[in-house]
Amino acid sequence: MPIPQSIFRYAQAVRRRVHAHPELSAQEWHTASYLQAELEALGWSLVTIPDTPSFLAVWNPRGERFIGYRAELDALPIAEATDLPYASENAGIMHACGHDMHMAIAMGLAKMLAEGSAILPTGDDTASYGVVLVFESSEELLPGGAPAILSSSEFARYRPQSIFAFHADPSLATGQIGFHPGPFMASCDELYITVSGQGGHGAMPHLTTDPVLAAAQVIVALQAVRARMLPPFTPSVLTIGRVEALGATNVIPHQVKMQGTFRTHDEEVRRQAHARIATVAERVAESMGNTAQVEIRHGYPVLVNAPELCQSVRQMLSAECENAECVEVPMRMTADDFAYYAQQIPGLYLRLGVGVGAGLHTSAFSPDEQALGVALSALQVLCRHPERWGS
Ligand SMILES: [Zn+2]
Ligand SMILES: [Zn+2]
């Protein structure tokens, strides 16, 4: 059963509205209040999360069991380079990660439930179901918006028995929905390493400890952590993406600052890696007469899709959602704070094909809006079978 054209048009209008008015992480107050006004008009109950733009919208708040859908509110510090008529009106800020699409999908579902084109079963013989839309601030910026939501009493009151998210994917054709059971998206931790020692004249390196050379050795040695100290069966990535040595052609600086990322798909491997990274950086720097100070800022955990939920939803959509093609997608080394929900609640994070085109986080990203209809058809099918959204 395709979704009504009026629902698609509504979701598209919401998408264009929020796309034109993007806001940065933790500052999405206008976006939140626009969506809240729409949801209120549709008869949804609203619950705000204190001190953040994040909020919940609840359908059937007296329900006994809830199912959840997460949409992010934030945009990125990117200057939009599309010529769309609804391009960003906020200079230097752009919805380049598809969060505008994710919000529009949530709002389309809100309208479908309000107008009866998606039905949640109720009755004496079955639990009465409700839906919680989780509108999350600040997904793009550590520590992410999810921890504050998950620890709130507001979320505890409507805690869903399972939770879903779509993420726009410009490597998939419109119509495709990407599934991956089990560990799917990586953990992501930020590395900050400072190598310090004695600098001096570039012509007299023997009178220095050359922190630049030591830092270079640290970079090389850290690749051995990944290649030789962690199990080869678990994917991992270690990247140093910034090196700052403010010397000159003839000046060896006293200090080199480096930044990077470590990512993997297993929490135990993640713990092992943190210890190894610190030890290797410190010892290598020491071996050359320098010190290394290592700070690892913990980012998002590994995102694990609940395998049974993944299988059951894939079966349901393959059988009942004519306009979606379910495909298997590989693991990814990118991260999403949806992982926090999925640590506590059976979660399913699906990739939504938006047509092959410019990548996420680029100024030319421009998803095919027809994908809104695909996601909404899928959610309409899920609403028919809430008992299969997890126990
Ligand atoms: Zn992003
Ligand atoms: Zn995103």
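Rule-based calculations on the coordinates, nothing more; no lab input. Just so you know, these numbers come straight off a predicted model, no measurement behind them. Note: ideal-geometry Cβ built from the backbone for every residue, glycine included; neighbour counts use all protein chains shown.
The C-alpha radius of gyration of segment 37-140, expressed as a fraction of 2.2 N^0.38 Å, stands at 1.26.
Its DSSP H runs of at least 4 residues, each contributing -39,500 (n - 2.57), put the calculated 222 nm mean residue ellipticity of the chain at -10000 deg cm²/dmol, to the nearest 500. For segment 91-190, the dipole from Cβ point charges (+1 on Lys and Arg, -1 on Asp and Glu) about the Cα centre works out to 180 debye, to the nearest 20. Orientation-averaged projection of the chain equals 20.9 nm² [convex hull of Cα atoms, one quarter of hull surface area]. Quick check: the angle from helix 5-20's long axis to the longest principal axis of the chain, C-alpha only, nearest 10 degrees? Compared with the principal axis, the helix lies near 30 degrees.
Each of 206, 272, 229 was scored by the projection of its Cα onto the charge dipole of segment 187-297, and the greatest displacement toward the positive side belongs to 229; charges sit on the C-beta of Lys, Arg, Asp and Glu. Percent of C-alpha pairs per 10 Å bin in segment 187-297, short distances first: 15, 46, 26, 11, 2.
Using Cα-Cα distances under 8 Å and only pairs 6 or more residues apart, what relative contact order does the chain have, in percent? Answer for the chain is 24 percent. Cα axis of helix 99-115 to longest principal axis of the chain: angle in degrees, 0 to 90, nearest 10? Computed tilt is about 20 degrees. Restricting the GluC sites (Glu not before Pro) of segment 283-391 to loop positions (DSSP other than H, G, I, E, B) with no more than 15 neighbouring Cβ atoms within 10 Å leaves 322. Ranked for footprinting exposure by Cβ neighbours inside 10 Å, fewest first, 164, 8 give 8, 164.
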